[in-house]
Amino acid sequence: MAQQLKVSDQTARYGRAWYWASIADFVVASPTEVLGQMTAVTAFDLQQTQRDAWLVQTSILQSQLKGLSGAIFFEYSIPRMGRRIDVVLLIGSVLFVIEFKVGEASFDRVAREQVWDYALDLKNFHQASHTLPIVPILIATEAIGNSDPLQGDPDGVYRPIRMGSAALRQFLDHALVSIPGTHIDVETWAHSPYRPTPSIIEAARALYAKHSVEEIARFDAGAQNLARTSARVESLVDYAKREQLKIICFVTGVPGAGKTLVGLNVANQRRELDTASHAVFLSGNGPLVAVLREALTRDEVKRRAALGEKVRKNQVGESVKAFIQNVHHFRDDALEDLGPPSEHVVIFDEAQRAWNLRKTATFMKMKKGRPNFPHSEPEFLISCMDRRQDWSVIVCL
């Protein structure tokens, strides 16, 4: 049972959540015990305000979930996305995503979009969530009542429900009798890996197809060189796939030469839509990842608006996340999921910045609770791709 797990055991089994329990065990647990487990496994320095917020959330949920069967996850990390959900509830056939605004009595648009994004990320990037009905809930603890109807979209993600904390149980009971589905297996869901849906991969490729190297770069000798470099890397990917080999290649050049453009072009060209052999562009440069995602998202929204389409920005943004990711989130996911990655081709941008063994081991000990980590960052990332039994290509920019 969950209450018999030691903190270290829980961390090993459910590393994406800072606390996990069956609902039956959670509602009778001491709030300080719940707080203690979350505090013990977090990699960050915690403020008193965060501890207080967790205690408020625990108190609300313990009172509202009595009598229900299922599982609860606090601070659940969405695979590869680098985002943590306040609370995930698995009850019956429904996955509930809950974002708390402790001490607030009103709801703003940003918070509503945030919890909706969490639900979409799970739907699109967490394999066991692909087919589940997902209901995002935004709770302002000082608000009263429930202000939104239960409204589902074709992808199985429901529109966000805004409510006060006292309205949660009544809404859960209503949703559970209104939403059909099969019972969720908690163990399967908890261990499920990052696997983008085929539709989100197709959307990403279609979105970026209008941004090839030739279109973005200059029409001069530099652009021709970029095109030749991209073609050469593409030929190596084709060779590795055909011969079932594992290849690593390095694209070098001075700052501004266009290495990032080459990497993005390679990521875009993986078009085996009937397989999982898509590519992903990884960068440890957080601002670069944010800028690339935002630029491509805005461009696509603008293009569709010109065609008279109505599209939500975060829907377009989901497809961008499929092929532009933070390398640290890729690494963290590989620490928890020991299986092979879904991609055959990975492009590591700014690979010269990768950490040596000493730096990596120090980080793993201090921030991840993993003493004596035996690998440098390049060695570990290469080992992740080596988990594939067929073929793989690593492109280092």
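The values are calculated or read from the model by the stated rules, or taken from the named source; none is laboratory data. Please read these numbers as outputs of a predicted model, since none were measured by experiment. Glycine gets a Cβ as well: all are built from the backbone with ideal geometry, and neighbour counts include every protein chain shown. Surface areas here come from the heavy atoms of the whole protein model, side chains and all, with no ligands, DNA or RNA. Shrake-Rupley method; radii C 1.70, N 1.55, O 1.52, S 1.80 Å.
I need the phi-derived Karplus couplings for segment 184-191: 6.51 cos²θ - 1.76 cosθ + 1.60, θ = phi - 60°, integer Hz, Gly and Pro marked x.
3J(HN,Hα) across segment 184-191, in whole Hz: 7, 7, 5, 4, 4, 5, 5, 9.
Take the alpha-carbon positions of the chain, form their convex hull, and give its projected area averaged over all directions (one quarter of the hull surface) in nm². Intermediate values should be presented prior to the final figure.
Numbers: hull surface 82.6 nm².
If I average the Cα hull's projected area over directions, I get 20.6 nm².
Arrange the residues 101, 367 by how much accessible surface each exposes, largest first, with a 1.4 angstrom probe. It would help to have the intermediate numbers written out before the result.
On the way: 101 50, 367 90 Å².
Largest accessible area first, the residues go 367, 101.
Would you grab the residues whose amide H sits under 5 Å from the one on residue 248? Only those 5+ places off in sequence or on another chain, please, with H modelled 1.01 Å from N.
394
Roughly to the nearest percent, how much of the accessible area of the chain is carbon and sulfur, given a 1.4 Å probe?
C and S fraction of accessible area: 54 percent.
Per-residue ellipticity at 222 nm for the chain, helices alone: DSSP H runs ≥ 4 residues times -39500 (n - 2.57), over residue total, nearest 500 deg cm²/dmol?
Values: 16 runs with 181 residues, N = 397.
Counting only the DSSP helices, I get -14000 deg cm²/dmol.
With every protein chain kept in place and ligands, DNA and RNA left out, what is the accessible area per residue of the chain? Probe 1.4 Å, answer in Å².
On the way: 18260 Å² over 397 residues.
Here the residues of the chain average 46 Å² of exposed surface.
Going highest first, how would you order 161-168, 336-343 by mean Cβ packing within 10 Å? Can you show the working numbers first?
Details: 161-168: 20.2, 336-343: 17.4.
Those peptides, ordered most packed to least, come out 161-168, 336-343.
Return the distance in nm (one decimal) between the two label points of a simple spin-label model at residue 305 and residue 59, each offset 7 Å from Cα along Cα→Cβ.
4.4 nm
Ordering 172, 292 from largest to smallest accessible area (1.4 angstrom probe), what's the sequence?
If we order 172, 292 from most to least accessible, we get 292, 172.
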